[in-house]
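Please read the structure below before turning to the comments.
The values are calculated or read from the model by the stated rules, or taken from the named source; none is laboratory data. Bear in mind the structure is a predicted one, so any value in this text is a computation, not a measurement. Don't worry about glycine lacking a Cβ; one is built from the backbone with ideal geometry, like all the others, and counts go over all protein chains shown. We work out accessible area using only protein heavy atoms, side chains counted, and drop any ligands, DNA or RNA first. Shrake-Rupley method; radii C 1.70, N 1.55, O 1.52, S 1.80 Å.
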Amino acid sequence: MPDDARMRVVSLTACVLAASALAAGPGTAGKSRELAGPFVTQSGRHLLLSGRPYRFGGANIEWLGLAGYGPSDPAGPHYASHYEIDDALATARELGANVIRSQTMGDSAGCAVCIEPELGQFNDTAFERIDYALASARARGIKIVATLVGDDAASGGTGCVYLGWRGISVPNCSLVDMEPFWSDRTVIGDVEQHIRAVLDHVNVYTHVAYKNDPTILGWDLVNGGGSPPAWTREIGRFVRGIDSRHLILSDASNARLSVVDACVAFVYPHWRLSPAVVKPKIVACRAAHKPFLAYEYGWDRTNFPTLRALRSFLRSLEENPEVAGDAFWALQAHNDGHGFMPIPADVSDPKAAARVESGEWWALYYPGIRTLVTPAADMAARAQLLRSHNYAMRGVRVPPHAVPPVPAVSSVVAVPGGGVRVYWQGSAGAASYSVQRAAGAGGPWLTVCGRCVTDRDDGYLDTAAAAKAAWYRVVPYNLDGKPGPASKPKQAP
């Protein structure tokens, strides 16, 4: 989608979804049709799209299929709203991302809202959120990397869920310590059952099976890529037997397997996975004539203490022809209602916040907020480095900031002592908002707050006598100071 059209992101997605449903015609439920568009392919050490070199700078949005499943959440696993999905993907586009990696768009098992709540049972409601995210990504020209075996906050890893279903106990089971998962024949059959359900699922919006959807760049077999060769070969062949067009991603140790199309790795100095540690993986991948993807890397000051250090790391990715793509961890979005989503896996101890697996150090909110680890100005500056990097990876000049899409006033509530407080759903890329008041829904409008509030504030408080029964609307402004369209008006009580 052209940058100058992004202000219409929500309505555009709705139009695309409606058009997809209409194009399929009546009686298409459960039937898969073809979706126009090229698949990303592999040619030696490069990716191709429509026969031309394809490189990406991207983001991880783990929760598009299911929030609170990977990083723990006090609310437990739950679905993101359609608005939150649209907002996250619109924000990703503003950040220059053309690929999103989302673990929960192929993986979740063992919870009531999971893709597979119980062994062999599959959840249409869970698939609907993934369906919507795929259609929304397609509307924005974004490709998706989906994980098939990933993290489960409650059990240590999805592999541990499969083992538990079969009564196999592994002390302190985790994604990196679940040995029977790789070799037990019954468990392998269970994994294949899940994979078949995912690949054969027909999107309720586009009426296209996932195995036929070019919006998907490829299947990440295991979060982090580190699966034994024998398991990788068997599962890879199983995937290939159903889906011959999408890429299969795995660790460099599996690069020489014919079923593996590209190597993947994490880059986290925070976890002692520095660029120097990852370099041998790039060398092994090159020797196997496969593309390399740094599909999860840290961006914050616990990984790169200074802006200069982060800039140097990003430049090293841009200048390395062996790196076909990368994606930072991890992007959050506006909250449905007002403000931003809560910080994932949150902690309250400032010392612990910089060390443990907490979103206080790795969650990116655009254009920037303050956390226990990161000042708002630092996050904002790093976000702009990521934006420039993503465009550089694509070989595209960095454009002006997009005009923010129309926000929505979610509520106008009376406050004790007089006055009203106005809340709104945030607008992707908005740096600030103006609030306008009128005596009637049609105006004329008086600006009572000129670019004086942000999504970090508790709405806008109007204590004027004219506030009672007045109408309000909000206008978003991007980082360049350009306004987006005003929201629809909403009346105060």
**Request:** Could you work out the local net charge near Y460, counting Lys and Arg as +1, Asp and Glu as -1, over the other residues with Cβ closer than 15 Å to its Cβ?
**Result:** +2
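Can you tell me the relative contact order of the stretch 80-179? Whole percent, Cα pairs under 8 Å, sequence separation 6 or more. Walk me through the numbers on the way to the answer.
Values: 127 pairs, mean separation 28.3, N = 100.
That works out to 28 percent.
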**Message:** What are the ³J(HN,Hα) couplings of the stretch 245-257, residue after residue, when phi is run through the Karplus curve with 6.51, -1.76, 1.60 and θ = phi - 60°? Round to Hz, x for glycine and proline.
**Reply:** 10, 8, 5, 10, 10, 7, 5, 4, 5, 10, 4, 7, 6
**Prompt:** Over the chain, what is the mean sequence separation of C-alpha contacts under 8 Å (at least six apart), divided by residue count, expressed as relative contact order in percent?
**Reply:** 15 percent
**Inter-site label distance for D177 and T306 at 7 Å from Cα along Cβ, in nm** = 3.8 nm
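By average Cβ neighbour count within 10 Å, what is the ranking of 438-450, 175-187 from highest down?
Result, highest mean Cβ count within 10 Å first: 175-187, 438-450.
Percent of accessible area on the chain owned by carbon and sulfur, 1.4 Å probe? Spell out each step's value before the answer.
Details: 10280 of 18900 Å².
Whole-percent figure for carbon plus sulfur exposure: 54.
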**Message:** Quick check on the stretch 167-310: what are the equivalent-ellipsoid semi-axes from the Cα gyration tensor, as sqrt(5λ), descending, whole Å?
**Reply:** 28, 20, 16
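Arrange the peptides 63-73, 459-469, 416-426 so that the one whose residues have, on average, the most other Cβ atoms within 10 Å appears first. Walk me through the numbers before you get to the answer.
Values: 63-73: 25.1, 459-469: 15.4, 416-426: 19.1.
With the highest mean Cβ count within 10 Å placed first, the list reads 63-73, 416-426, 459-469.
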**Complete:** Here, S169 and D457, labelled 7 Å along Cα→Cβ, have an inter-label distance in nm of 5.7 nm
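How much length, in nm to one decimal, is gained on full extension between R240 and Q121, taken as 0.36 nm per residue of separation minus their Cα-Cα distance? Could the numbers behind the result be given before it?
Numbers: separation 119, 0.36 × 119 = 42.84 nm, distance 2.32 nm.
Result: 40.5 nm gained on full extension.
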**Message:** Please compute the per residue accessible area over the stretch 326-445 with all protein chains in place, 1.4 Å probe, rounded to a whole number of Å².
**Reply:** 36 Å²
**Fill in**
Sorted on mean Cβ neighbours within 10 Å (highest first), peptides 102-113, 36-47 come out as 102-113, 36-47
**Complete:** Quick calc: nm separation of the 7 Å Cα→Cβ label points for A112 and T186 -> 2.8 nm
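Summing +1 for each Lys or Arg and -1 for each Asp or Glu, what net charge is found among the other residues whose Cβ lies under 12 Å from the Cβ of V278?
Details: positive: R272, K279, K281; negative: D251, E296, E322, D326.
So the surrounding residues net to -1.
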**Fill in**
In nanometres, the difference between 0.36 nm per residue of separation and the alpha-carbon distance of A414 and S258 is 49.7 nm
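Could you tell me the calculated FRET efficiency between K351 and A465, based on Cβ-Cβ distance and R0 = 56 angstrom, to the nearest 0.05?
Values: r = 48 Å, r/R0 = 0.86.
It comes to 0.70.
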**Item:** Convex hull (Cα only) mean projected area of the stretch 61-145, reported in nm² to one decimal
**Value:** 5.2 nm²
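Given a cut-off of 25 Å, name the pairs among K143/K290; K143/K482; K143/K211 whose C-alpha atoms lie farther apart than that in the structure shown.
Working: K143/K290 19 Å; K143/K482 29 Å; K143/K211 14 Å.
Too far apart for the 25 Å limit: K143/K482.
Per residue, how much accessible area does the stretch 202-300 show when a 1.4 Å probe rolls over the protein heavy atoms, in square angstrom? Present the calculation step by step, with values, prior to reporting the outcome.
Values: 3230 Å² over 99 residues.
I get 33 Å² per residue for this part.
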**Prompt:** How much net charge surrounds V187 when only other residues with a Cβ under 14 Å from its Cβ are counted (Lys, Arg +1; Asp, Glu -1)?
**Reply:** -4
**Request:** List the extent of the Cα atoms of the chain along each of their three principal axes, largest first, rounded to whole Å.
**Result:** 73, 57, 48
**Fill in**
Out of G481, P367, S410 - ranked by how far each Cα lies towards the positive end of the dipole of the chain, with unit charges on the beta-carbon of charged residues - the top one is G481
**Message:** With n ≥ 4 as the cut-off for DSSP H runs, can you work out [θ] at 222 nm for the chain, using -39500 (n - 2.57) per run divided by the number of residues, rounded to the nearest 500?
**Reply:** -8500 deg cm²/dmol
**Message:** For the stretch 29-164, what does the accessible surface come to per residue with a 1.4 Å probe? Please give it in Å².
**Reply:** 30 Å²
**Item:** Within straight-line cross-link reach of K468, lysines at Cα separation under 22 Å, skipping those fewer than 8 residues along the same chain
**Value:** K488, K490
